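The values are calculated or read from the model by the stated rules, or taken from the named source; none is laboratory data. These figures come from a predicted structure and were not determined experimentally. As a convention, Cβ positions derive from the backbone with ideal geometry for all residues, glycine included, and neighbour counts pool all protein chains shown. Please note that ligands, DNA and RNA were not included when accessible areas were found on the heavy atoms of the full protein model with its side chains. Shrake-Rupley method; radii C 1.70, N 1.55, O 1.52, S 1.80 Å.
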Number of protein chains: 2
Amino acid sequence: MITIPDRVRSVAMPPIDALNTHMSRMNAEGGDVISLGQSVPFFGPPHQMLDAVRDAIDNFGPRLHTYGPDAGIPELRHALARKLREFNRVSFDPDTQLVVTPGSNQAFMVAMTTILEQGDEVAIASPYYFNHHMAIELCGGVVREIQLREEDGFQMTMEDVEEALTERTRAVVIISPNNPTGTVYRAEEIATITRELTERGIYIICDDAYEVFCYDGARHTSVAGLSGYVDNVITLGSLSKTFGMTGWRIGYIAASAELCRQALKVQDAMAICAPIISQVAATAALEQMPEYPLSMISELDERRRVLEAALDKIPVLHWNKTDGALFAMVGADVAGEDRELAWELLDRAQVLTVPGSAFGAQWGGFLRISYGCSPRDRYEEALSRLVEYFERL
Amino acid sequence: MITIPDRVRSVAMPPIDALNTHMSRMNAEGGDVISLGQSVPFFGPPHQMLDAVRDAIDNFGPRLHTYGPDAGIPELRHALARKLREFNRVSFDPDTQLVVTPGSNQAFMVAMTTILEQGDEVAIASPYYFNHHMAIELCGGVVREIQLREEDGFQMTMEDVEEALTERTRAVVIISPNNPTGTVYRAEEIATITRELTERGIYIICDDAYEVFCYDGARHTSVAGLSGYVDNVITLGSLSKTFGMTGWRIGYIAASAELCRQALKVQDAMAICAPIISQVAATAALEQMPEYPLSMISELDERRRVLEAALDKIPVLHWNKTDGALFAMVGADVAGEDRELAWELLDRAQVLTVPGSAFGAQWGGFLRISYGCSPRDRYEEALSRLVEYFERL
């Protein structure tokens with residue numbers, strides 16, 4: 001009876017949700033699975049944010065309970081504009097160039113719905129962030145993969161991008177620091193890509209969710225801060241990772257006034273507005289604790305080194321160490337398994353990692369390991385389990 | 001430089017957001033505008049809900065801050081299943097047949113993205129809810145209007161629906177009590193429509209946001225509770241209006257397990273999950289105060305009678321009184337204006353109503369008046385201003 005279009009039916013089920021469900025079931029049955037899976041930082045939001053939420057419940061009045069402006073409450077838009085000015089060195093007008101969304105996944109979906117014609121192509125680096133892949137296809141777009149190579153540390157060059165471009169390319173997505181590889185793209189390559197794509201009138205969608213988390217001197221490049229582009233750069237941001245508040249669902253679009261004006265139609269039809277309580281929380285986090293994300297870098301960097309040391313003890317796993325985000329895309333020379341290694345590890349070592357194939361069919365020989373998500377002791381316990389599992393193999 | 005597809009460019013800017021912005025500017029400049037515009041109830045959420053939020057901040061732990069399951073936290077899905085069982089007399093499996101969304105607008109967008117092929121038609125009653133119109137077009141669908149008539153009290157029959165059906169019709173939307181007309185559709189007509197559409201394999205999308213608010217003995221019909229349909233009914237619900245929590249953004253999809261399974265892909269790519277704090281709030285509201293929405297009916301009904309009495313004093317306005325939701329679609333025999341009456345009323349009487357054209361081009365001779373949104377004294381003041389304005393005209 002039910003007919004579902006191929007466009008939807010052909011999309012794989014969300015991989016993380018399935019893994020988490022499996023993990024919850026195992027733990028409910030007495031298991032003790034540790035997650036190195038999801039892109040959730042080990043830390044929660046600053047207590048100042050929670051104080052502000054408590055205060056809002058008592059004092060914010062009816063505004064807390066009713067729809068706010070589609071683009072976001074003015075306080076938050078101003079706080080975001082300041083963050084963009086001070087951290088990213090880019091100026092956005094909070095009244096016309098910012099749209100607050102319920103998470104940056106939604107920011108991506110709003111952007112896609114705003115710019116894509118049916119059949120338009122969007123180029124994304126592979127290994128890719130699966131939610132972007134899904135969103136493009138669900139919006140009627142066509143994914144083109146920019147093939148990256150592990151031996152290059154998953155860096156992306158204009159030559160790589162070039163190979164994925166066609167007459168129908170409407171947009172190229174840049175995630176740096178990258179999910180799933182952790183790669184921070186080189187500033188000069190991003191500048192070249194930006195210049196070339198701008199000349200051809202192709203949108204550049206920058207997902208800056210991990211912008212703060214760079215190590216070993218690597219630095220995030222704010223594409224909207226580069227010279228030489230026109231209105232074709234759409235910056236997507238998130239407070240989820242940087243402020244440890246993934247469950248509060250606050251992201252944003254920063255772009256030209258005209259793009260935002262059009263995107264607001266989509267926002268209105270999709271979300272009306274982001275939840276007010278979360279907007280109040282995000283405002284407090286940004287205003288009162290702007291340095292909070294920076295304070296997490298050294299712990300994340302340490303965990304990254306701990307991962308490197310653990311992987312050194314496992315001959316069949318190798319990581320071309322990357323210097324951003326909270327992920328490692330780890331290659332596994334393990335052949336002959338009936339199913340992917342990640343599922344074996346989940347059932348036998350009680351460690352949740354994400355199968356490489358979630359990031360593109362050809363990445364089945366990899367695992368995405370998040371070194372940022374579990375408490376430190378659990379994280380180290382998980383790594384010990386991995387070492388032990390592979391020793392026994 | 002920027003190219004936006006016609007599909008997006010041709011969509012009108014969200015009408016309510018523009019009106020609210022104008023109102024805010026007037027009030028900031030010393031004005032005193034009263035809103036009879038937005039579909040926001042006069043009451044806020046029950047205090048038990050806010051207590052539960054305070055408690056969650058102190059005691060819920062890390063779960064509050066991180067992503068939850070795509071479909072919603074289990075507590076809320078179970079509370080919704082109970083609400084559906086007890087209020088709607090329909091049984092849904094909370095594990096497979098419910099998806100919690102950030103508002104029911106998003107539930108509609110998820111449903112559209114899940115079921116529509118490019119160019120598929122969706123039939124909606126006209127006057128229509130503009131966000132549905134926008135969402136269908138933004139998803140690449142085509143809107144067919146089911147023409148209703150004021151003289152029939154905007155009731156919808158199978159004959160009306162029939163005229164809008166074509167070979168490409170994928171879905172018909174039923175909103176009862178209706179936005180913007182306030183009409184509660186007759187149970188026997190809904191049963192006929194359901195039977196006919198089911199035989200033809202057409203989806204029925206029921207937006208039940210106003211299900212509680214019926215007056216004069218009118219009763220909401222839960223289509224999913226009717227016999228004779230298969231898996232083609234998709235029920236969309238909201239806590240926004242019934243619990244006075246529009247700003248918290250909690251809605252849901254209740255449908256077959258297969259539809260929900262496919263919709264979860266869209267949900268994951270669009271929202272990942274609804275904000276956890278709002279889900280906790282909604283759970284508390286449903287569990288602790290299930291009767292809360294019912295307690296608002298008598299006040300709303302009184303306001304409805306107050307509106308009727310006020311309109312009786314204004315010869316050029318007429319309302320074919322309807323018996324649900326919180327709206328009146330009021331006809332205005334006012335000709336020769338350069339712009340729509342609603343804008344005149346906003347500037348000259350400082351009363352915000354919604355221009356009829358927001359609900360379809362041919363409804364320019366109407367205003368949507370919400371009798372539910374302002375505090376009682378302000379509401380009555382607004383009606384006095386309307387009476388006075390038209391007396392002077």
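Brief remarks follow.
- Pairs are defined by a Cβ separation below 6 Å, a sequence spacing of at least 6 or placement on different chains, a first member in the stretch B:186-215 that is free of Cβ contacts under 8 Å to residues at least 12 places away in the same chain, and a second member that is of a type in the set (Gly, Ala, Ser) and buried (at least 17 other Cβ atoms within 10 Å of the Cβ); no pair meets this definition.
- Exactly one residue out of B:Asp231, B:Asp268 is open to solvent by less than 30 Å² (accessible area, probe 1.4 Å), of a type in the set (D, E, K, R) and closer than 21 Å to B:Met109 by Cβ, and it is B:Asp268.
- Residues of the stretch A:334-388 satisfying the condition of being among the hydroxyl-bearing types (Ser, Thr, Tyr) and within 28 Å of B:Arg63 (Cβ to Cβ): A:Thr353, A:Ser370, A:Tyr371, A:Ser374, A:Tyr379, A:Ser384
- Subset of the stretch A:320-359 [assigned to a loop (DSSP other than H, G, I, E, B), open to solvent by 50 Å² or more (accessible area, probe 1.4 Å) and farther than 27 Å from A:Arg144 by Cα]: A:Asp333, A:Ala335, A:Gly336, A:Glu337, A:Asp338, A:Gln350
- A:Ala123 vs. criteria surrounded by 24 or more Cβ atoms within 10 Å (Cβ to Cβ), touching a Phe, Trp or Tyr at 6+ places or on another chain (Cβ under 9 Å), among the hydrophobic types (A, V, I, L, M, F, W, C) and touching a residue at least 24 places away in the same chain (Cβ under 8 Å): no
- Scanning the stretch A:374-386 for any residue that is closer than 18 Å to A:Ala12 by Cβ, surrounded by fewer than 18 Cβ atoms within 10 Å (Cβ to Cβ) and not hydroxyl-bearing (Ser, Thr, Tyr) turns up nothing.
- Reported count of residues in the stretch A:15-28, each being at the interface with chain B (Cβ under 9 Å from one of its Cβ atoms), under 18 Å from the mean Cα position of the chain (by Cα) and not acidic (Asp, Glu), is 2.
One line per residue, one yes/no per condition, for (1) touching a residue at least 24 places away in the same chain (Cβ under 8 Å); (2) within 11 Å of chain B (Cβ to nearest Cβ); (3) not aliphatic (A, V, I, L, M):
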site: A:Gly30; (1), (2), (3): no, no, yes
site: A:Ser35; (1), (2), (3): yes, yes, yes
site: A:Gln48; (1), (2), (3): yes, no, yes
site: A:Val53; (1), (2), (3): yes, yes, no
site: A:Phe60; (1), (2), (3): yes, yes, yes
site: A:Ala71; (1), (2), (3): yes, yes, no
site: A:Ala81; (1), (2), (3): no, no, no
site: A:Leu84; (1), (2), (3): yes, no, no
site: A:Ser91; (1), (2), (3): no, no, yes
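- Which numbered condition B:Tyr215 misses (of (1) closer than 20 Å to B:Cys373 by Cα; (2) away from chain A (no Cβ under 11 Å); (3) surrounded by 24 or more Cβ atoms within 10 Å (Cβ to Cβ); (4) of a type in the set (Ser, Thr, Tyr)): (3)
- Verdict on B:Thr181 being open to solvent by 10 Å² or more (accessible area, probe 1.4 Å), among the β-branched types (Val, Ile, Thr) and under 21 Å from the mean Cα position of the chain (by Cα): no
- Every condition in (1) away from every other protein chain (no Cβ under 13 Å); (2) over 21 Å from A:Val230 (Cα atoms) is met by A:His132 except one, and the failing one is (1).
- On inspection, A:Glu145 passes the criterion of being under 29 Å from B:Thr113 (Cα atoms), of a type in the set (Asp, Glu) and away from chain B (no Cβ under 14 Å).
- A:Thr157 falls short on exactly one of the conditions (1) away from chain B (no Cβ under 14 Å); (2) over 24 Å from A:Ala325 (Cα atoms); (3) of a type in the set (S, T, N, Q), and that condition is (2).
- Residue tally, condition buried (at least 19 other Cβ atoms within 10 Å of the Cβ) and among the hydroxyl-bearing types (Ser, Thr, Tyr), over the stretch B:1-52: 2
- Here A:Asp312 clears all of (1) over 30 Å from B:Arg249 (Cβ atoms); (2) open to solvent by less than 70 Å² (accessible area, probe 1.4 Å); (3) free of Cβ contacts under 8 Å to residues at least 24 places away in the same chain except the condition numbered (2).
- Scanning the stretch B:103-122 for residues that are on the phi < 0 side of the Ramachandran plot, over 14 Å from the mean Cα position of the chain (by Cα) and within 10 Å of chain A (Cβ to nearest Cβ) yields B:Val110, B:Met112, B:Thr113, B:Thr114, B:Ile115, B:Leu116, B:Glu117, B:Gln118, B:Asp120.
- Evaluating B:Val143 against the criteria (1) in contact (Cβ under 8 Å) with a residue 40 or more places away in the chain; (2) out of contact with any Leu (no Cβ under 6 Å at 6 or more places or on another chain); (3) surrounded by 18 or more Cβ atoms within 10 Å (Cβ to Cβ) leaves one unmet condition, (1).
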